[in-house]
1. Looking at the stretch B:1-50, which of its residues are over 20 Å from residue B:66 (Cβ atoms), in a strand (DSSP E or B) and out of contact with any helix residue (DSSP H, G or I) (no Cβ under 9 Å at 6 or more places or on another chain)?
2. May I ask you to list the residues in the stretch A:313-326 that are without any contact (Cβ under 8 Å) to a residue 60 or more places away in the chain and either touching a strand residue (DSSP E or B) at 6+ places or on another chain (Cβ under 9 Å) or more than 7 Å from every other protein chain (Cβ to nearest Cβ) (or both)?
3. Select from the stretch A:11-28 the residues that are facing chain B (nearest Cβ under 10 Å) and farther than 14 Å from residue A:308 by Cβ and list them in ascending order.
4. Kindly list the number of the only condition in (1) under 20 Å from residue A:90 (Cβ atoms); (2) assigned to a strand (DSSP E or B); (3) over 31 Å from the mean Cα position of the chain (by Cα) that fails for residue A:110.
5. Restricting the search to the stretch A:336-364, which residues are under 30 Å from residue B:84 (Cα atoms) and away from chain B (no Cβ under 14 Å)?
6. Look through B:230, B:178, B:141 and report the one residue that is within 14 Å of chain A (Cβ to nearest Cβ) and either at negative phi or out of contact with any strand residue (DSSP E or B) (no Cβ under 6 Å at 6 or more places or on another chain) (or both).
7. Taking the stretch B:50-95 only, how many residues are within 13 Å of another protein chain (Cβ to nearest Cβ), in contact (Cβ under 8 Å) with a residue 60 or more places away in the chain and under 17 Å from residue B:198 (Cβ atoms)?
8. Answer yes if at least one residue in the stretch B:124-137 is part of a helix (DSSP H, G or I) and within 11 Å of chain A (Cβ to nearest Cβ), and no otherwise.
């Protein structure tokens, strides 16, 4: 018999059998429905986390080294890092004078303050003090206005560049350039708006302002540890730059040969690998749970299929008597189980769709990628074949005489 | 005359634990095209086993069964299914229709398994149902039909693939006498139209419709005779023709 005709006929028979036992079919498919819903939602969530991460990681340059008191993913106790000597402007100036393999570098220091504009106020805004070199070092793009000049930076002019969140809060419908805002009790003139950079795990890169570091020290004091941001001249030679920066840091910090570093040279790579091992773990656990749901669902369907085959022994006998080959019977029950699983998969997708929209609206921006739909359908078919095979095989190899006699 | 069935020294032995149970002990039968044969015998005589072998549902332990020139004894599962599909039309005591589908689709089913196209299938199934007088019952499901009508659907299903033999197992066993007679009249018509009919029964009343009666006892053929009543009728008809 023609293969496609055979599949089509088996599909018609399967639909008849499924609609004849609606309740049972739905209950049988429940495990698959839950499994597919879990797969889809988990993948959607991971997709969302990845998107958020990639948006934010772009804000932290991949070719930039961050020389700080802390190591981002260090193994030492927090106190060890905290009790280290602060990183000072003198360290920065020493590096600036000596490091050869850097394209540019800037000091950076920060503190949280309250901002005011007219009657409006915004609390806990990160105030970032740095130099004009910051723009080149961290590849900052301006959506409006300009970055500070060297003259403004060195002279400690009261100018400010605001983040996207600050613009939204104060200047939703107006042009911020040239306006005066208050940081604490001091007036600053807005000269630029930094392009939106996104957020990661509730941490926004847009809820901040940038001012000249000279002014920052004047207003808030110099007793702070810097972050020295170094952009490597050649991204392919990050390790070399890291080594050179480390060597000069040892010198300026007067660490003897073989002594322990009292600073960390951080880079995005460390952030990324930690992130990847974290999401990897989420994926692993998620996949295990989903597999469990699908396997339990599959056992449920296999069970129902065995019952169905037993119940329809007489029917199998009749079909064989009028000329159904083993393969036709095998196909009939296999396609019935695949159809149940496929319906379960489609219902699962329909359930996870609104849930994904809710996640998108309230937790983190995401979307169901098309490949997840195909994956869900593939998994449904796979488990349909898996759970249907043995029942279908037992039906196919029934002896027609015994099957006909069965009541 | 063309030979449709040739059973040569058929043995069937079942292994029951440590013992062997021989149900058929060397059966030899030849049936020609357009014969109308009744196979009779009490229960346990081997009658059902013989029917299963003739119907290609089972194969003999030894001996040759030639059906339309092919040796069934040597067929595998796949070929047996094909033989049942193309050469045999079954009519059962309990009708054995599929409950979920209507008369037309029940009749269509053997054609589905022979891989025929949809349009052609429907056309043939409709013709077969018309043949048994059920042209206005095609979309009825089995539970919407009377016993006699159900058996007619089953007969239409048996006829639809134009088989070499129609194998009827106690076809009137679940019907009242009047309906039973109607079904037997239908078989008579089918025979008159050139079909080969094998009737398996234990009832004398039913067997007397056949032209040849084979009696089985203890796995052996007890007698194989021409039905004298039918011959008389045939002779009478012949005389009438001469007188005319």
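The values are calculated or read from the model by the stated rules, or taken from the named source; none is laboratory data. As the structure is a prediction and not an experimental result, all values here were calculated from the model. Ideal geometry is used to build each Cβ from the backbone, glycine not excepted, and the neighbour counts take in all protein chains shown.
1. B:13, B:15, B:16, B:19, B:20, B:21, B:22
2. Scanning the stretch A:313-326 gives A:319, A:322, A:323.
3. From the stretch A:11-28, those facing chain B (nearest Cβ under 10 Å) are A:12-13, A:16-17, A:19-20; that's our starting set.
Listed by number, the list holds a single entry, A:12.
4. Residue A:110 satisfies all of (1) under 20 Å from residue A:90 (Cβ atoms); (2) assigned to a strand (DSSP E or B); (3) over 31 Å from the mean Cα position of the chain (by Cα) except (3).
5. To start, the set of residues in the stretch A:336-364 that are under 30 Å from residue B:84 (Cα atoms) comprises A:336-339.
Correct list: A:337, A:338, A:339.
6. Values: B:230 fails: within 14 Å of chain A (Cβ to nearest Cβ); B:178 fails: within 14 Å of chain A (Cβ to nearest Cβ).
The unique qualifying residue is B:141.
7. Qualifying residue count for the region: 12.
8. Initially, the stretch B:124-137 is screened for residues part of a helix (DSSP H, G or I), giving B:124-131.
Within this subset, residues satisfying the condition of being within 11 Å of chain A (Cβ to nearest Cβ) are none.
Taking every residue of the stretch B:124-137 in turn, none turns out to be part of a helix (DSSP H, G or I) and within 11 Å of chain A (Cβ to nearest Cβ).
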